[in-house]
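The values are calculated or read from the model by the stated rules, or taken from the named source; none is laboratory data. Quick caveat: nothing in here was measured; it's all calculated off a predicted structure. Quick reminder, even Gly has a Cβ in these numbers, built from the backbone with ideal geometry, and neighbours come from all protein chains shown. Note: accessible area is taken over every heavy atom of the protein model, side chains too, but ligands, DNA and RNA are not part of it. Shrake-Rupley method; radii C 1.70, N 1.55, O 1.52, S 1.80 Å.
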Amino acid sequence: MQSMPPKPPQIVIDDVLPPGSPEIPVGQSGVPISELVRFLAKWLDDIFRIPGTNFKVGLDPILASIPIVGDLLATGSGLVILLEGVRAGVSLPVLLRMSGNMMVNTMLDVIPVIGPIGSAFFKSNLRNLQLLQRWQAGQQQAIRRSTTQLFIAAGLVFAAFVALWITAWVLLIWPL
């Protein structure tokens, strides 16, 4: 006779659970990633193979070629994946990283001609799906470390741009 797997605890929406409650493991909601999110990530970033290559492209860069409406559809669909991260209980730094992926993709999509090509290579939706899958697999510490490293690198690049701008201002504008 087969034994039934244990049911996850029922949680009423209005229940208030104390931090570290045994009902929900810290950092993980135990909620599986929905099939809709997998479907969206695949269709937006990885559905059509370019003949003669192993490179795949999705609807995101194609939609980005349609001004305004296409951008809204692609970004709105990516937002569903971000909301799945909220539902899955990922930490704030990971949500910020997922939002950053979406922002880079949206910024690429706005650039005519070249942007959709960059979006086809960046694949923000698949990146966000991978973050969710790794989070669900229990790799929270590894994701936190890599997210921290990413934020430090972005901060250093920003600081370098500010330093370059200040240097250019002092050398070129100040003497005038």
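Can you work out the FRET efficiency for the pair ILE68 and GLN130, with r the C-beta to C-beta distance and R0 = 35 Å, to the nearest 0.05? Kindly include the intermediate steps, with their values, before the conclusion.
Details: r = 29 Å, r/R0 = 0.83.
My answer for the efficiency is 0.75.
Let me know the shape class of the range 57-176, please: from the alpha-carbon gyration tensor, a ≥ b ≥ c as square roots of the eigenvalues, rounded when a/c is under 1.5, otherwise prolate if a/b is greater than b/c, or oblate.
Numbers: a/c = 2.92, a/b = 1.31, b/c = 2.23.
The shape class here is oblate.
Roughly how many percent of the accessible protein surface of the range 54-167 is carbon and sulfur, given a 1.4 Å probe and a whole-percent answer? Walk me through the numbers before you get to the answer.
Details: 4960 of 6470 Å².
Accessible surface attributable to carbon and sulfur in the range 54-167 totals 77 percent.
Structural descriptor for the range 24-131: relative contact order 33 percent, calculated from alpha carbon pairs under 8 angstrom and at least 6 residues apart.
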